[in-house]
Amino acid sequence: MKSTSSRERDLSSVTFVDSLRSLSPEGKPRDLLLRTAEILDSWRPGQVVLLTAPTGYGKTTLSLSLANAVISGNRELAERVIHVLPLRSIGDDLFIKAERTFRGLKPFRKYVGLQHMGRMDSPLLGRRFNITTLDTFVLSFFKLPPYELHKVVNKYDAHYEVSRGFILSSLVVFDEVHLFLTETKSAIAFVTSLESLVESNVPVVLSTATLPVSHLKELRKRVEAKGGELLVVGPKADDSPKREVRVVPFTGDWLDKAKELSEEKSLLIVTNTVKRAVEFFKDLKNAGLFPLLLHGRMTERHRQNVLSRVLGEDRAMSPGTILVATQVIEAGVDISAGSMITEVSPVESLLQRMGRVARYEGESGEVYVIRSSDNVYEGEKVDEAWKMVENGKLEVPQGDVLKLDNSLHRALWELHRNVFTGSKTALKLLEEECSFTRSGELIKVVPEERLASVDEGDYLALERGTLKRAKEKIVGGLRRGPEGVERVQLSEDFYRILEGGDPPCLSLWMMRNRIDSLVVKGYDEEVGFVG
């Protein structure tokens, strides 16, 4: 705990509880948020708070109130708040909410920053409130800040201790924790980060709606092994929002059902793939309806425009509005639809999707679950979910045992612990893994149609596999120089590496060749990049 001057102590009289009350309706915060804020106001080194609250509970209000307290001068616990999310789309939505919450804050961007592959508001995570993704956070924490990664790739040093210093003097909130644990690499990166923060006495809040019991036990074991304490703040039977959502297995014509539902209420349709989302979107348009579309292959500006058109000030969709979306809508996007049609998916995923319907106190809605023709999930988990839907009872499963102790976990832990290892050692590890948080690579892309006046809102991130399947749409690259951005041709080496040649990491090869992003043709202003 830092010492403070008398002036700082006066400013820090804005406690986390005070701040939470100021941002809560009628000054009455939800019980779980209040209990979490109380713990943080009297925080002891090593404590990690796990906030488990149902969807629609308003968990992001907690981060906004923590940031509000820090911005108002409460720096006794931390100098800043870093809110870490699994998906860029959730960060975009939280940033919009922060703009509304802090609309009187001048200048807003001096204090609040959105930082991920498509946005560079706070390159070293030094703002008072930083909204970022797990991959950006992990690179920054383990000595490869993305802002300076190109320097390291080209044999220069990075100022990695600056971003690490900002992180180690922060209050870190990991939101939608269950999503970090769905893939081995992201689980390892998250858990190693958590262990490192606990050992460094950094205050941490974990937030989730659906955490399997086996995962909870594993997190508790990891925290306690580093000398910490996991405090679970969970709901009582009467603490969930009083809302009614009816789940129906549906085998009829989904388009007829969509027409029927959208006549009286807003409708959210969730698919398991971008391809299916676009098909549903086009079918709705051909039927004379006016849907909107949201998925991960859209530019930053495109996604934000869709969200702003869909959401009102109260985050509710207007009656008659139809939004077709992929899994990007599952977590963190604060949206309330009157009804839903969704393709069947694993139980944890279905529960998250259901949380986008009748989200607030006193609302009611229906969720119609349909079979999917795309096998993007394990068949056994999908079959289990369908049986639960037919039986009318969805429950969070025990969860798979997390497999975390491998070479990546050991290497990341050593990077944190060893002051003599720096960014060059971290780069060697990245060259072996290509990513610390995902099984595939994300590549920065800009639509050819936006080149005339390209800025940071015109970029999107595509998986390497998507680019490989759509390589005929890659028409060049962009290189940043002292006089701005220039378009360059791509060599045969690029296409060889894209197909799986050596070296394995396409993104690092691009950096070494000073290619900032790829240029693709065929971006559609309605449907984004389909490939």
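The values are calculated or read from the model by the stated rules, or taken from the named source; none is laboratory data. Quick caveat, the model's predicted, so the values are computed rather than measured. We place every Cβ from the backbone using ideal geometry, glycine too, and count neighbours over all the protein chains shown.
Checked against (1) in contact with a helix residue (DSSP H, G or I) (Cβ under 7 Å, 6 or more places away or on another chain); (2) touching a residue at least 60 places away in the same chain (Cβ under 8 Å); (3) part of a helix (DSSP H, G or I), Glu38 meets all criteria but (2). Of the strands (runs of 3 or more DSSP E) entirely within the stretch 97-199, those holding at least 3 residues that are modelled with pLDDT under 95 occupy 112-116. Among the residues of the stretch 79-90, some residue qualifies, meaning at least one is out of contact with any strand residue (DSSP E or B) (no Cβ under 7 Å at 6 or more places or on another chain), within 26 Å of Leu311 (Cβ to Cβ) and assigned to a helix (DSSP H, G or I). Screening Lys275, Lys217 for residues that are farther than 23 Å from Glu363 by Cα, among the basic types (Lys, Arg) and without any contact (Cβ under 8 Å) to a residue 12 or more places away in the chain leaves exactly one candidate, Lys217. Taking each residue of the stretch 259-270 that is in the same structural domain as Leu289 (by TED's automatic domain parsing) and over 20 Å from Lys282 (Cβ atoms) and looking for partners that are in a strand (DSSP E or B) and modelled with pLDDT of 95 or more with beta-carbon atoms closer than 6 Å, six or more apart or interchain, yields Lys265/Ser339. From the list Val204, Val223, the one residue that fits, being touching a helix residue (DSSP H, G or I) at 6+ places or on another chain (Cβ under 7 Å) and within 21 Å of Gly165 (Cα to Cα), is Val204. Summed over the stretch 488-508, residues that are over 17 Å from Val446 (Cβ atoms), assigned to a helix (DSSP H, G or I) and under 26 Å from the mean Cα position of the chain (by Cα) total 1. Looking across the stretch 351-396, the residues that are assigned to a helix (DSSP H, G or I), in contact (Cβ under 8 Å) with a residue 60 or more places away in the chain and more than 15 Å from Arg276 (Cβ to Cβ) come down to Leu351, Gln352, Met354, Trp386, Val389, Glu390.
Condition first: under 17 Å from the mean Cα position of the chain (by Cα) and either among the small types (Gly, Ala, Ser) or not assigned by TED's automatic domain parsing to the domain that holds Ile39 (or both). Now tell me which residues in the stretch 155-209 satisfy that. Correct list: Ser186, Ala187, Ala189, Ser193, Ser207, Ala209. Considered as a group, the residues in the stretch 417-475 that are in contact (Cβ under 8 Å) with a residue 40 or more places away in the chain and aromatic (Phe, Trp, Tyr) include one that is surrounded by the fewest Cβ atoms within 10 Å (Cβ to Cβ), and that residue is Tyr459.
Every residue, every condition in (1) in contact (Cβ under 8 Å) with a residue 24 or more places away in the chain; (2) in contact with a Ser or Thr (Cβ under 6 Å, 6 or more places away or on another chain); (3) exposed (fewer than 14 other Cβ atoms within 10 Å of the Cβ), yes or no:
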residue: Leu478; (1), (2), (3): yes, yes, no
residue: Gly484; (1), (2), (3): no, no, yes
residue: Arg487; (1), (2), (3): yes, no, yes
residue: Ser491; (1), (2), (3): no, no, yes
residue: Leu498; (1), (2), (3): yes, no, no
residue: Ser507; (1), (2), (3): yes, no, no
residue: Ile515; (1), (2), (3): yes, no, no
residue: Gly522; (1), (2), (3): yes, no, no
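Taking (1) assigned to a helix (DSSP H, G or I); (2) within 25 Å of the chain's Cα centre (by Cα); (3) modelled with pLDDT under 95 in turn, Tyr57 satisfies each apart from (1).
When you go through Glu449, Glu472, Glu483 one by one, which is the residue that is out of contact with any strand residue (DSSP E or B) (no Cβ under 8 Å at 6 or more places or on another chain) and either among the aliphatic types (A, V, I, L, M) or at pLDDT 95 or above (or both)? It is Glu472. Of all residues in the stretch 371-387, those that are under 24 Å from Leu255 (Cα atoms) and out of contact with any Ser or Thr (no Cβ under 8 Å at 6 or more places or on another chain) total 5.
Each residue in the stretch 60-103 was checked for being at positive phi and within 17 Å of the chain's Cα centre (by Cα), and 0 of them qualify. Restricting the stretch 369-389 to residues that are over 24 Å from the mean Cα position of the chain (by Cα) and hydroxyl-bearing (Ser, Thr, Tyr) leaves a set whose member that is nearest to Pro346 (Cα to Cα) is Ser372.
Screening the stretch 240-311 for strands (runs of 3 or more DSSP E) wholly inside it with 1 or more residues that are under 23 Å from Trp386 (Cα atoms) returns the ranges 244-249, 267-270.
Among the residues of the stretch 361-397, those that are aliphatic (A, V, I, L, M) and modelled with pLDDT under 80 comprise Val376, Val396. Each residue in the stretch 249-273 was checked for being at pLDDT below 95 and of a type in the set (A, V, I, L, M), and 0 pass. The test for being surrounded by fewer than 23 Cβ atoms within 10 Å (Cβ to Cβ) and either within 24 Å of Thr466 (Cα to Cα) or β-branched (Val, Ile, Thr) (or both) does not hold for Gly288. Of the numbered conditions (1) surrounded by fewer than 24 Cβ atoms within 10 Å (Cβ to Cβ); (2) touching a Phe, Trp or Tyr at 6+ places or on another chain (Cβ under 7 Å), Glu161 fails exactly one; give the number of that condition. The failed condition is (2). Test Ser308 against the stated conditions and say whether it is of a type in the set (Ser, Thr, Tyr), modelled with pLDDT under 90 and more than 25 Å from Pro212 (Cα to Cα). Taking the combined requirement at face value, the residue satisfies it.
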